[in-house]
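The block underneath contains the structure these notes are about, expressed in structure tokens.
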Amino acid sequence: MMESERIGRTLTRIAHEVVERNRGVDDIALVGIRRRGVPIAERIARILTSITGRSVETGALDITLYRDDLMRHAVAPQPLLRETDIQFSIDERRILLVDDVLYTGRTIRAALDALIDFGRPRSIQLVVLVDRGHRELPIKADYVGKNIPTSLQQSVQVRLAEEDGVDEVVLLDVQGEESLADGGGVS
Amino acid sequence: MTVVSVLLKGGHVVDPVQGLNGKLDIRIEGEHVAAIGPDLPVDDSLVVPIPAGLILCPGFIDMHVHFREPGQEHKETIASGAAAAVTGGFVAAACMPNTDPVNDHVGITEEILHRASEAALAKVYPIGAASLGSRGEQMTEIGALKAAGCVGISDDGHPIASALMMRRALEYVSMFDMPVINHCEEPSLKGDGVAHEGYRANALGLRGIPGECESIMVGRDVSLSELTGGAVHVAHMSARQSLRAVQVGKERDVRVTCEVTPHHFILTDEDLRYDPNQFKMNPPLRAAADRDAMLSGLADGTIDVIATDHAPHHADEKAQEFAEAPFGIVGLETAVSLSLDRLVHRDVLSLSQLVTLLSSNPARILNVPGGRLAPGDAADITILSPDTTIEVAADQFRSKARNTPFDGWRLRGAVAATVVNGRVVYTNDGVAEADTIAWSSE
Amino acid sequence: MPVEVRETVRASSELTPPRLRSKHLLSIEDLNVDEISLILDTAEAMKEIGTRRIKKVPTLRGKTVVNLFFEPSTRTRTSFEIAEKRLSADTLNMAGSTSSMLKGETLIDTARNLEAMSPDMIVLRHAASGACHLMVDGCSARIVNAGDGMHEHPTQALLDAFTIRERKSQFDGLKVAIVGDLLHSRVLRSNIQLLRALGAEICVCGPPTLIPVGIERFGVHATTSVDEAVTDADVVMLLRVQLERMHGHFFPSLREYFALYGMTSKRMERAKPDAIIMHPGPINRGVEVSSELADGPCSVILEQVANGVAIRMAVLYLLAGVEGDEEVS
């Protein structure tokens with residue numbers, strides 16, 4: 001659905017939007033949601049630095065322990081726990097929460113709960129690379145890379161060079177077949 | 001009253017005392033054996049043909065059981081114990097005095113005998129306490145106990161710990177021709193131990209009891225027997241060092257005898273698990289080398305008797321932490337099958353040797369009738385089906401208790417029927433031909 | 001934008017995550033190396049929660065955990081309690097007595113009565129080896145062994161391994177000396193199982209009266225010489241000496257014990273220069289270890305305590321496990 005160059009341009013566009021809406025990057029910090037939100041946050045941070053000349057802090061948030069689907073069933077594997085790594089205080093900061101795909105909104109809800117436990121930011125804005133619809137909670141992204149309408153039988157996979165060796169966004173049928181998407185939506 | 005005369009015809013008889021091992025007829029009149037020989041004339045006897053494959057032996061005697069009555073009837077009564085005995089093929093059992101109150105007084109002995117005759121199943125021979133309350137302080141009135149019917153003395157459950165007390169007991173009983181039966185255990189080495197000292201006990205975090213805890217007292221008792229000339233019988237021997245001490249004594253013609261339980265010649269501490277219902281007993285299951293020593297002691301005749309140390313306990317008592325649960329497992333209803341399967345069928349012993357261990361030797365040591373089927377002897381007969389395979393089912397036990405490690409075991413060898421005083425008191429439904437062994441005593 | 005045809009790719013976000021196989025933690029013996037690594041890795045993430053301003057996550061919210069301690073132990077119970085509360089569980093502390101004088105209810109009855117109140121997890125400490133195995137029969141709650149008699153103390157061994165892992169790069173070939181009352185120690189048994197599984201070499205040391213018969217069968221070298229044990233050791237682990245042992249004729253006095261087996265800075269000179277000193281606590285100063293060594297730079301005793309909370313959080317979290325829905329965003 002998207003290839004490397006397109007992803008790059010999209011992130012640049014988002015960075016500019018961030019700067020515009022927030023009138024600069026004062027007090028801005030990015031927190032990426034593990035796993036793929038993290039490299040996206042780092043890339044946006046680098047672009048913000050190249051635009052403004054100011055350094056922008058990034059952190060990584062693991063929301064596993066805040067998920068609302070834990071403990072709902074009998075004994076079964078726990079999702080793998082990774083560390084949260086936020087080296088700065090989030091109090092009074094304007095936090096940009098970053099994730100790769102926005103879907104039901106439950107991950108973002110868990111991330112908000114986690115962030116609030118860390119401190120009291122001045123504001124939280126949401127950046128996503130892809131919004132695939134089908135929200136189950138009243139969550140809205142402030143910055144969206146691309147809207148990709150999907151059916152429930154499909155899945156959107158974001159692959160990034162830092163994690164997967166290549167930058168691309170693909171749309172898959174849940175059985176694993178890649179499906180032909182209709183031409184791009186509006187970014 | 002008419003005396004019933006029954007002719008058991010054509011059965012294979014094994015009677016080592018008389019040197020018999022072949023097809024023989026036995027005529028029973030009333031409660032006694034009237035004749036034994038090949039092709040006896042029928043006369044007025046009721047003919048009971050013995051099916052092929054069954055073996056007739058002098059009735060088995062378990063010289064070490066715990067019947068818990070008086071005082072602990074929730075575990076077992078004399079009636080349920082006697083029922084368990086005949087189901088296991090035993091015509092008689094000698095019961096230990098650690099009841100509540102302890103059998104240290106003729107009143108208790110008489111009570112036990114009374115209950116046994118009410119049950120009218122296996123014969124019960126009480127063993128009297130060696131000391132009052134088995135506290136090891138004051139000797140009991142051994143003469144009175146013998147006159148009341150006791151066949152030996154013991155403080156089983158406890159050792160006769162004082163060497164002086166043991167010496168006096170051995171001296172004293174020699175005038176009554178009874179053995180002192182000792183639960184050999186040096187108390188300071190036993191401590192809080194609950195399992196055999198070794199790797200397995202360590203792995204489970206259980207306090208250990210070394211084999212020497214038993215053997216040093218066996219050695220002591222052999223010396224005291226040599227000193228006094230009294231007869232000592234080592235109860236439930238388990239350690240290879242104990243066997244060696246007994247061997248040395250026998251070489252010197254000391255009056256020492258010993259017994260072993262089936263679990264000590266079959267299981268080892270490798271079997272140990274956190275299940276006191278199956279695996280907690282005293283002496284504990286020991287190492288393979290000890291188990292193997294017991295087997296060789298049985299084979300070469302150093303060990304005189306197989307006795308079960310039948311120790312029933314209530315399920316609630318055994319459902320406790322390993323260290324808290326009481327010691328002991330039942331054994332009456334599994335001993336014969338275990339012995340046939342693990343000794344006779346594995347060529348450790350001949351059937352004749354097994355009969356000696358289960359019948360003639362116990363009778364001789366306790367000086368009670370039995371162990372032989374000569375004319376005039378009581379018609380106490382254990383009928384075996386050595387080739388029937390059974391599966392041990394603890395929930396079917398006639399004993400009140402179910403504490404056994406052998407539940408579910410498939411064993412080759414079964415009891416077909418048990419005859420006490422000329423009466424069939426038990427037949428085994430699981431043995432095809434057993435139902436033909438029936439006659440009325442009326 | 002051109003759509004390129006790609007090869008079929010399995011749509012799984014991650015490989016099936018590793019898991020614990022049993023819903024109980026009764027002994028290290030039951031764990032395989034993957035499970036041990038899982039617990040240690042999870043504990044790293046849990047440790048971070050203790051550094052936050054709000055040291056709480058909602059993970060075990062609404063779950064009831066009962067700390068059933070039949071042996072007094074403020075330290076271990078507190079550690080579990082903190083772990084439970086950090087995961088937002090509801091904790092309940094129950095004390096019982098194993099003295100047969102005071103005993104009322106049997107352990108099985110206690111388990112059944114608790115069961116009727118549907119606790120999700122029970123953390124059990126008891127003076128009898130095998131007590132946890134007995135409780136498993138009476139209870140459908142998840143059971144965590146917090147120390148059963150002389151048998152095992154799994155979370156102690158796990159936090160010990162976690163502490164070692166933080167200080168040393170690998171376990172393979174690591175030389176660990178364990179000194180003290182080997183005979184009565186459940187910490188020893190759990191540590192032997194765990195460290196051997198991870199590839200460490202173990203030398204155990206104590207007075208001959210306190211070395212269990214057949215200890216070599218556990219795969220360790222045993223010696224009565226503390227100098228031999230400590231030579232070239234990477235880790236020196238000291239076990240608590242209980243004062244009652246003097247009455248069992250195990251050794252004549254604490255003074256003699258310290259003289260022959262107490263760990264001092266002088267003795268530690270034989271160990272590797274970066275060797276660490278460990279102790280499950282509480283320490284008897286001047287018996288197992290000299291004060292200066294216990295408070296010195298190579299002591300990680302206080303780190304063990306801190307790590308105890310993280311490990312217990314990891315264990316509770318992993319045992320409470322649930323079928324996760326991997327696609328949540």
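Can you work out which of the residues in the stretch C:93-113 that are of a type in the set (S, T, N, Q) and within 17 Å of B:E324 (Cα to Cα) is modelled with the lowest pLDDT? Ranking the qualifying residues of the stretch C:93-113, first place goes to C:S100. Please go through the stretch C:233-268 and give me each residue that is in a loop (DSSP other than H, G, I, E, B), surrounded by 12 or more Cβ atoms within 10 Å (Cβ to Cβ) and out of contact with any strand residue (DSSP E or B) (no Cβ under 6 Å at 6 or more places or on another chain), ordered by number. Hits for the stretch C:233-268 are C:L239, C:R240, C:V241, C:Q242, C:F250, C:F251, C:G262, C:T264. Checking the stated criteria, A:T10 turns out not to satisfy the condition of being of a type in the set (V, I, T), modelled with pLDDT under 95 and not in a helix (DSSP H, G or I). For the stretch B:147-166, the set of residues classified as open to solvent by 60 Å² or more (accessible area, probe 1.4 Å) and farther than 16 Å from B:S134 by Cα consists of B:A147 only. Summed over the stretch B:299-314, residues that are within 20 Å of B:N282 (Cα to Cα) and outside any loop (DSSP other than H, G, I, E, B) total 3.
Would you check which residues across the stretch B:400-417 are assigned to a loop (DSSP other than H, G, I, E, B) and in contact with a Ser or Thr (Cβ under 6 Å, 6 or more places away or on another chain) and list them?
Of all residues in the stretch B:400-417, those assigned to a loop (DSSP other than H, G, I, E, B) come to B:400-409.
If the condition is that a residue be assigned to a loop (DSSP other than H, G, I, E, B) and in contact with a Ser or Thr (Cβ under 6 Å, 6 or more places away or on another chain), then B:K400, B:F406 are the ones that fit.
Applying the criterion of being aliphatic (A, V, I, L, M) and under 19 Å from A:D173 (Cβ atoms) to the residues of the stretch A:127-158, the residue that is surrounded by the most Cβ atoms within 10 Å (Cβ to Cβ) is A:V130. Taken over the stretch A:131-156, the residue count meeting the criterion of being within 11 Å of chain C (Cβ to nearest Cβ) and touching a helix residue (DSSP H, G or I) at 6+ places or on another chain (Cβ under 9 Å) is 3.
Being surrounded by fewer than 20 Cβ atoms within 10 Å (Cβ to Cβ) and within 29 Å of B:K23 (Cα to Cα) narrows it down to one of B:V392, B:V368, so name that one. Steps first, answer last, please.
Working: B:V392 fails: within 29 Å of B:K23 (Cα to Cα).
Within the list B:V392, B:V368, the selection yields B:V368.
Out of the stretch C:203-222, which residues are of a type in the set (V, I, T) and surrounded by fewer than 23 Cβ atoms within 10 Å (Cβ to Cβ)? Hits for the stretch C:203-222 are C:T209, C:I211, C:V213, C:I215, C:V220.
May I ask you to list the residues in the stretch C:110-147 that are within 20 Å of the chain's Cα centre (by Cα) and in contact (Cβ under 8 Å) with a residue 60 or more places away in the chain? The answer is C:M121, C:A131, C:C132, C:H133, C:V136, C:R142, C:I143, C:V144, C:N145, C:A146, C:G147. Among the conditions (1) among the charged types (D, E, K, R); (2) more than 18 Å from the chain's Cα centre (by Cα); (3) closer than 24 Å to B:I26 by Cα, the only one that B:D407 does not satisfy is (3).
Of the residues B:D15, B:D44, the single one that is of a type in the set (D, E, K, R) and open to solvent by less than 10 Å² (accessible area, probe 1.4 Å) is B:D15.
The criterion of at least 3 residues that are open to solvent by less than 10 Å² (accessible area, probe 1.4 Å) and not aromatic (F, W, Y) is met by the following helices (runs of 4 or more DSSP H) wholly inside the stretch B:185-259: B:212-228, B:240-251.
Listed by first and then second residue, the pairs linking a residue in the stretch B:297-309 that is closer than 16 Å to B:I127 by Cα and modelled with pLDDT of 95 or more to a residue that is of a type outside the set (S, T, N, Q) and part of a helix (DSSP H, G or I), with Cβ atoms under 6 Å apart and 6 or more places separating them unless they lie on different chains, are B:T308/B:A335.
The values are calculated or read from the model by the stated rules, or taken from the named source; none is laboratory data. Quick caveat: nothing in here was measured; it's all calculated off a predicted structure. All Cβ positions, even for glycine, are placed from backbone atoms using ideal geometry, and neighbour counts span all protein chains on display. SASA here: full protein model, heavy atoms, side chains in, ligands and nucleic acids out. Shrake-Rupley method; radii C 1.70, N 1.55, O 1.52, S 1.80 Å.
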